[in-house]
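Participant: Have a look at this one.
The values are calculated or read from the model by the stated rules, or taken from the named source; none is laboratory data. All of these numbers come straight from a predicted model, not from anything done at the bench. Heads up, the Cβs are rebuilt from the backbone with ideal geometry, glycines too, and the neighbour counts pull from every protein chain shown. The protein model used for the area step is the full one, side chains on, heavy atoms only, and it has no ligands, DNA or RNA in it. Shrake-Rupley method; radii C 1.70, N 1.55, O 1.52, S 1.80 Å.
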Amino acid sequence: MAYWLFKSEPNTWGWDDQLAKGEAGEEWDGVRNYQARNFMREMKIGDLGFFYHSMKEKSVVGIVKVIAEAHPDSTTDDPRWECVDIQAVRPFVKPVTLDQIKAEERLADMVLVRNSRLSVQPVTDAEWQLVCTMGQTKP
């Protein structure tokens, strides 16, 4: 299994929106960055990801699961863009802020710290475990 981080502006698509989709999940559409798209192409059904609120909140607020591998993005006719479908698994007991992540030296190499603008990014096993522990949430 691989781990990922999905960033979204909560006023556009937030954790509550993702939860409301239930088992059906939702396309992670609208990504127009080649690196982020390529990461989605690597995802497999069952991979887990952090759901991250960007903008003002800047925090990991939940865990999602990939329920459909890369397929054409329904929001465009441009064949270059693909997306995966994700489903909410559980909320974080205690959201983990970007400041907390940056303050933890064991997370200094996390993509979120080095390239916080990338909307879809990989997370290592060690980073996954540590962020879950920080958020008092079952990995």
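Participant: Restricting to segment 96-130, name every residue that is over 16 Å from the mean Cα position of the chain (by Cα), part of a helix (DSSP H, G or I) and of a type in the set (D, E).
Facilitator: D99, E105
Participant: When segment 1-30 is examined, which residues are found to be touching a strand residue (DSSP E or B) at 6+ places or on another chain (Cβ under 6 Å) and part of a loop (DSSP other than H, G, I, E, B)? Walk me through it before giving the result.
Facilitator: Step one: filter segment 1-30 for residues touching a strand residue (DSSP E or B) at 6+ places or on another chain (Cβ under 6 Å), giving 3-7, 10, 15, 18-19, 25, 27-29.
If the condition is that a residue be touching a strand residue (DSSP E or B) at 6+ places or on another chain (Cβ under 6 Å) and part of a loop (DSSP other than H, G, I, E, B), then P10, G25, W28, D29 are the ones that fit.
Participant: Among the numbered criteria (1) over 26 Å from T133 (Cβ atoms); (2) open to solvent by less than 40 Å² (accessible area, probe 1.4 Å); (3) not basic (K, R), which one does F39 miss?
Facilitator: Of everything listed in (1) over 26 Å from T133 (Cβ atoms); (2) open to solvent by less than 40 Å² (accessible area, probe 1.4 Å); (3) not basic (K, R), F39 misses just condition (1).
Participant: To continue, here is another question. For the condition at pLDDT 95 or above, over 20 Å from D125 (Cβ atoms), open to solvent by less than 20 Å² (accessible area, probe 1.4 Å) and more than 12 Å from the chain's Cα centre (by Cα), what is the one hit in G14, G25? I'd like the intermediate steps shown before the answer.
Facilitator: Numbers: G14 fails: more than 12 Å from the chain's Cα centre (by Cα).
After ruling out the rest, the residue left standing is G25.
Participant: Inspect segment 29-36 for any residue being open to solvent by 20 Å² or more (accessible area, probe 1.4 Å) and closer than 22 Å to P139 by Cβ and give the result as yes or no.
Facilitator: Looking for residues that are open to solvent by 20 Å² or more (accessible area, probe 1.4 Å) and closer than 22 Å to P139 by Cβ, one finds none in segment 29-36, hence no.
Participant: Filter segment 1-44 down to residues that are over 21 Å from W81 (Cα atoms) and hydrophobic (A, V, I, L, M, F, W, C), then give me how many there are.
Facilitator: The total comes to 6.
Participant: Here's a follow-up. Restricting attention to segment 81-100, which residues are open to solvent by less than 40 Å² (accessible area, probe 1.4 Å) and in contact (Cβ under 8 Å) with a residue 40 or more places away in the chain? Can you show your working first?
Facilitator: From segment 81-100, those open to solvent by less than 40 Å² (accessible area, probe 1.4 Å) are 81, 83-88, 92, 96, 98; that's our starting set.
Residues satisfying the conditions are W81, C83, V84, D85, I86, Q87, A88, F92, L98.
Participant: If you go through segment 42-80, how many residues are more than 16 Å from S116 (Cα to Cα), part of a loop (DSSP other than H, G, I, E, B), open to solvent by 20 Å² or more (accessible area, probe 1.4 Å) and touching a residue at least 12 places away in the same chain (Cβ under 8 Å)?
Facilitator: Here the count works out to 6.
Participant: Would you please list the contacts, defined by Cβ atoms under 7 Å and residues six or more apart or on different chains, that run from a residue in segment 1-19 that is of a type outside the set (S, T, Y) to a residue that is at pLDDT below 95 and open to solvent by 60 Å² or more (accessible area, probe 1.4 Å)?
Facilitator: E9/M55; P10/M55; P10/E57
Participant: Please pick out the residue among E127, E57, E82, E104 that is of a type outside the set (V, I, T) and within 12 Å of W4 (Cβ to Cβ). Spell out how you get there, then give the answer.
Facilitator: Details: E57 fails: within 12 Å of W4 (Cβ to Cβ); E82 fails: within 12 Å of W4 (Cβ to Cβ); E104 fails: within 12 Å of W4 (Cβ to Cβ).
After applying the criteria, what remains is E127.
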